[in-house]
Amino acid sequence: MAANVIIKSDERRRQEAALLRQFGGGSRNNSPRENREYAEEINARMNEVKREVGIRI
């Protein structure tokens, strides 16, 4: 059985880590994995908005 693997760029990892730091590491009610997944989703949506309004990523 093949696993779904997402290869992230170093820049994407830095953006997600910075986002987590800005929010104090995420919610204490969530596991670290959940907080990383939330940061990944927020970062992806932020990049979409930046592209739509013409801000360089």
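Of note:
- Extension gain for ARG28-ARG45 works out to 3.8 nm (0.36 nm per residue, less the C-alpha to C-alpha distance).
- Considering helices alone, the calculated mean residue ellipticity of the chain at 222 nm is -20500 deg cm²/dmol, with DSSP H runs of length four and up weighted by -39500 (n - 2.57) and normalised per residue.
- Element breakdown for the chain at a 1.4 angstrom probe: carbon and sulfur atoms account for 51% of the accessible area.
- Overall, the anisotropy analysis places the chain in the oblate class: the square-rooted eigenvalues a ≥ b ≥ c of its C-alpha gyration tensor yield a/c not less than 1.5, with a/b not exceeding b/c.
- Rolling a 1.4 angstrom probe over the protein heavy atoms with all chains in place gives the chain an accessible area of 90 Å² per residue.
- Each label point was placed 7 Å from the Cα along the Cα-to-Cβ direction; for ILE6 and GLU52 their separation is 1.9 nm.
The values are calculated or read from the model by the stated rules, or taken from the named source; none is laboratory data. For clarity, every value in this text was computed on a predicted model and none was experimentally measured. No Cβ is skipped: glycine too gets one built from the backbone with ideal geometry, and neighbour counts run over all protein chains shown. Please note that ligands, DNA and RNA were not included when accessible areas were found on the heavy atoms of the full protein model with its side chains. Shrake-Rupley method; radii C 1.70, N 1.55, O 1.52, S 1.80 Å.
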